[in-house]
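Everything below concerns the one structure shown next.
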Amino acid sequence: MRTRKSLLAVLGASLLCAGTLSTPAAAETTPTQPESIEVDGARQLTDVIPAPVETHPDEDTDFWLSPVTQIRTEPGSQQAAQVGQYLAEQLRPATGYPFPVNKAENSILPAISLELGNNIPEIGDQGYTYEADHQGVVIEANTADGLFNGVQTLRQLLPSAIGADSIQSQVWTLPGGKIVDYPRTSYRGAMLDLARHFHPLKDIKTYIDEIAQYKINYLHVHLTDDQGWRIQIDSWPKLAPVGGGEGTGVDGVGGGYLTKQEYKELVAYAQSRHITIVPEIDMPGHVRAAMSTYAKLNCDGVAPEPRTDIEVGYSSLCIDKEITYEFVSDVIEEVAEMTPGPYIHIGGDEAHSTTAEDYRKFMNKVVPMVRANGKRAMGWQEISAVEPPESVVPQYWDPNGDPSDVVDAAANANKILMSPADRAYVDQKYNEDTELGLSWAGPTTLKESYSWDPAETVDGIGEDDILGVEAELFSETLRSMDDIEFMAFPRLPAIAEIGWSPKSSHDWDSFSSRLADQGERWQQQGINFYRSPQVDW
Ligand code: TNX
């Protein structure tokens, strides 16, 4: 953060250059009433999480938002225009400025421009450049994803009051200079468990908005487990209303499921935030909700009682029954049909009630079903035991398990998703006294969530083997949005930085001081977060 010297004078000059300035809001920003204006909220180019790759500050070329600032986007690109509209929606409430998007007649006014198509190889398909001077800000990218990432950086470069939902009296400085930024890994995910406690669509959308700020680009939804089945499947119509009915949350609290219509709405909302949904149907274990709903899925044809405790490893699909594969095929087909993203996660973890031989038999039938529906399978690390084809992504999670099968998968060219439970499981308690959360892999402090490297976690799994990182939020103890936020913030931004920023920029002192600034933003945005004593908030 820094204070400005002659900012008001420069601001006045920049407004004058712009031409037409007699709106009441413009009058508020003239030097006649400086005491009512917050002038010292300006940020530096480096005040961003995840840390950008390159920053070249120039304090003499700051840009100030004003009532006449325009948003312009790449002509002919509807996707760029959508990012422009999104940006305008983010900036309007706190500034009170109109931010018209693509008003041709205003082409001489200062602007934030979102440009595509200049083909900058260095930044790839998710990176962007940011350049500010007195006339405006230009964000350039090769894709709309890149523009969206640049917009998240721009939001963080504004004073934290930009997150308020009512007009704030404030000078809205965007720091001058240039940023060149692109991710270390292409997949930066968050996983939300809807099975242990169901979280309704509105909360999932809120979470999407929150994680998008940190350039998370995949949301993995854990849709099924022993306790509940949370997605409508037409060919097995009782699965969701019965297997996901009232009382199917842990300890019998809550319940619910996403209808297909809601799932489609979720996918579309995530897309509007440049996030891809990865649906998980966990099998052949973690299936009690399905088995207690349909007796015919059980080897003995008898439906067991539903269970809402948090034991794991006691359920298994019946590997030798033909109906099992009709069931799995129907479910995968329907889930694939409503999922535009490339992945379907098929679980495969903790199948302690399935023999190794049966597990192999099962996965060797199911992985090709995913492929036949045009998708790639993801699976928890146990799936590596079946030597899956290269298209399958094993997800490393268990620091207590033997990683040799995952190492072999990496050697066989499978890309690995990294979520070591003692670092990236943001459902673990922060310390022994944290009321929420589990502790089998923790407790996990913020600093521990930040202090790891995905290419150094497992011997034999290096930089080139990694697809990316994911922050996991299993919800055995999490019932509300407040609970979700309290566990994810501030640890999720730590995982996001590990996945995005170059290894060379990894620095706890820098991260924790940048995080303090994020804390102000979370307050403005109404995000419930844990005030870790490791940060000087
Ligand atoms: C293990 S992590 C699980 C989940 C539980 C989690 C927390 C993983 C792949 N499986 O079923 O929710 O521990 O208890």
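Consider a paramagnetic label point 7 Å from the Cα of Arg371 along Cα→Cβ; state which residues of the range 402-425 have an amide N under 18 Å from it.
Label zone hits: 409-416.
Grab the beta carbon distance between Glu311 and Glu520, set R0 = 45 Å, and tell me the FRET efficiency rounded to 0.05.
Step by step, r from the Cβ atoms, then E = 0.60.
May I ask for the angle, rounded to the nearest 10°, between helix 260-272 and the longest principal axis of the chain, with both axes built from Cα atoms and the value confined to 0 to 90°?
Computed tilt is about 40 degrees.
Which distance in nm do the two modelled labels at Glu89 and Asp251 give, with both placed 7 Å along the Cα-to-Cβ direction?
3.6 nm
Relative to the present Cα-Cα distance, how much length would full extension add between Lys361 and Ser451 at 0.36 nm per residue of separation?
Details: separation 90, 0.36 × 90 = 32.40 nm, distance 3.87 nm.
28.5 nm is the gain from fully extending Lys361 to Ser451.
In the neighborhood of Met378, defined by Cβ-to-Cβ distances under 14 Å, what is the net charge if each Lys or Arg adds +1 and each Asp or Glu adds -1?
Numbers: positive: Arg371, Lys375, Arg376, Lys415; negative: Glu280, Asp282, Asp349, Glu382, Glu390, Glu470, Glu472.
Around Met378, the surrounding residues sum to -3.
Compute the FRET efficiency between Gln135 and Glu54 as 1/(1 + (r/R0)^6), taking r as their Cβ-Cβ distance and R0 = 22 Å, and round to the nearest 0.05.
That gives a FRET efficiency of 0.50.
Using the alpha-carbon atoms, what tilt in degrees (0 to 90, nearest 10) does helix 322-337 show relative to the longest principal axis of the chain?
10 degrees
Give the carbon-plus-sulfur fraction of the accessible surface of the range 408-498 in %, rounded to a whole number; probe 1.4 Å, heavy atoms of protein chains only.
41 percent
Please compute the net charge surrounding Trp440, taking Lys and Arg as +1 and Asp and Glu as -1 over other residues with Cβ under 12 Å from its Cβ. Don't skip to the end; give the middle numbers.
Working: positive: Lys429; negative: Glu350, Asp398, Asp422, Asp427, Glu476.
Residues close to Trp440 contribute a combined charge of -4.
Stretched out fully, how many nm does the piece from Asn119 to Ser513 gain, at 0.36 nm a residue minus the Cα gap?
Extending this stretch completely gives an extra 138.4 nm.
Mind pulling the angle between the C-alpha long axis of helix 7-18 and the longest principal axis of the chain? Nearest 10 degrees, somewhere in 0 to 90.
Helix 7-18 and the main axis of the chain meet at about 90 degrees.
Just to confirm, what accessible area per residue do you get for the range 34-181 at 1.4 Å probe, in whole Å²?
Working: 5460 Å² over 148 residues.
Roughly 37 Å² per residue, with all protein chains present.
Counting heavy atoms of the protein chains only and a 1.4 Å probe, report the per residue accessible area for the range 305-351 as a whole number of Å².
On the way: 1820 Å² over 47 residues.
Each residue of the range 305-351 exposes 39 Å² on average to a 1.4 Å probe.
Work out how much length Glu432 to Gln271 would gain on full extension: take 0.36 nm times their residue separation and subtract the Cα-Cα distance, in nm to one decimal.
Numbers: separation 161, 0.36 × 161 = 57.96 nm, distance 3.79 nm.
Difference between extended and current length: 54.2 nm.
Of all accessible surface on the range 124-235 at a 1.4 Å probe, what whole percent is carbon and sulfur?
Answer for the range 124-235 is 45 percent, counting heavy atoms of protein chains only.
So what's the Cα pair-distance distribution over the chain, bin width 20 Å, in %?
Per 20 Å bin, starting at zero, the Cα-Cα P(r) for the chain comes out as 22, 51, 23, 4, 0 percent.
Contact order normalised by length for the chain, with contacts defined as Cα pairs under 8 Å and 6 or more residues apart; what percent is it?
Across the chain, relative contact order equals 13 percent.
Under a plain spin-label model, where a point goes 7 Å from the Cα along Cα-to-Cβ, how far apart in nm are His506 and Glu105?
About 5.5 nm separates the two model spin labels.
First measure r as the distance between the Cβ atoms of Asn400 and Tyr294, then evaluate 1/(1 + (r/R0)^6) with R0 = 45 Å and state the FRET efficiency to the nearest 0.05.
Numbers: r = 34 Å, r/R0 = 0.75.
It comes out at approximately 0.85.
The values are calculated or read from the model by the stated rules, or taken from the named source; none is laboratory data. All values derive from a computational prediction rather than experimental measurement. Please note: Cβ atoms are built from the backbone with ideal geometry, for glycine as well, and neighbour counts cover all protein chains shown. With ligands, DNA and RNA removed, areas are computed over all heavy atoms of the protein, side chains included. Shrake-Rupley method; radii C 1.70, N 1.55, O 1.52, S 1.80 Å.
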